[in-house]
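See structure below.
The values are calculated or read from the model by the stated rules, or taken from the named source; none is laboratory data. Quick caveat: nothing in here was measured; it's all calculated off a predicted structure. Glycine gets a Cβ as well: all are built from the backbone with ideal geometry, and neighbour counts include every protein chain shown.
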Amino acid sequence: TSLRLFLFGQDTSAPLLEAVSASAAVPVMHPPILYQDLQLVDGGAVANVPVSIAMDLGATVIYAINAGYDDKKQPPVDGIFELLNRTLATLTTQSFLVDLERATKDTAVDLHHIQVTFPEKVSFRDFSKTAAMVDHGKALAKAYLQKPQPRAVAPVGTPTVYGATVGAAREYIPPQNRR
């Protein structure tokens, strides 16, 4: 096994089934996909909205549809799977914030950050509202596309909507993101 990241999609001869299956293999919830003696899982556990990958490939106009991170205070979790999901979301948010910072600093990149959030709390294991969530996401994306605002993101370290305060604590900003 390997703890390294692999990017599918650039070699058109690569098998699509394994890549798509691995992308759906959420760690702990689903078994990994065996491919060339490696166990593959969803790369979203590390880079949920991989803006840096698009930039590394030379993209200058990026539409990042983000259905995960937002700056709102999150409700308490209930149960081990919800706790695991929150933990993974916290980890993936960090790479997303690094990507946003990089895109914000790069004047050659027009980043369109489209935040898609559903108005009610839905467990990540609840598929009964999938159609409503897709419709809601489409409506938000269409509204954004009517008045696009490239690089309309707050820089890393900007206080969140609710102040990003935790009693006796401060927000941790990894060394590579400090100014």
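Of the residues screened, Phe118 is not one that is more than 16 Å from the chain's Cα centre (by Cα), modelled with pLDDT under 85 and either surrounded by 16 or more Cβ atoms within 10 Å (Cβ to Cβ) or among the aromatic types (Phe, Trp, Tyr) (or both). Across segment 26-40, what is the number of residues that are modelled with pLDDT of 80 or more and not in a strand (DSSP E or B)? The qualifying residues number 5.
For residues in segment 72-115 being in a loop (DSSP other than H, G, I, E, B) and within 18 Å of the chain's Cα centre (by Cα), which is modelled with the lowest pLDDT? Among those residues, the one meeting the criterion is Lys72. What number of residues in segment 121-146 are touching a residue at least 12 places away in the same chain (Cβ under 8 Å) and surrounded by fewer than 11 Cβ atoms within 10 Å (Cβ to Cβ)? Within segment 121-146, residues that are touching a residue at least 12 places away in the same chain (Cβ under 8 Å) and surrounded by fewer than 11 Cβ atoms within 10 Å (Cβ to Cβ) number 2.
On inspection, Asp99 qualifies as free of Cβ contacts under 8 Å to residues at least 60 places away in the same chain, buried (at least 18 other Cβ atoms within 10 Å of the Cβ), in contact with a helix residue (DSSP H, G or I) (Cβ under 8 Å, 6 or more places away or on another chain) and closer than 19 Å to Pro150 by Cβ. I'd like to check something: does segment 156-178 contain any residue that is in a loop (DSSP other than H, G, I, E, B), exposed (fewer than 14 other Cβ atoms within 10 Å of the Cβ), at pLDDT 80 or above and on the phi < 0 side of the Ramachandran plot? No; the residues of segment 156-178 include none that is in a loop (DSSP other than H, G, I, E, B), exposed (fewer than 14 other Cβ atoms within 10 Å of the Cβ), at pLDDT 80 or above and on the phi < 0 side of the Ramachandran plot.
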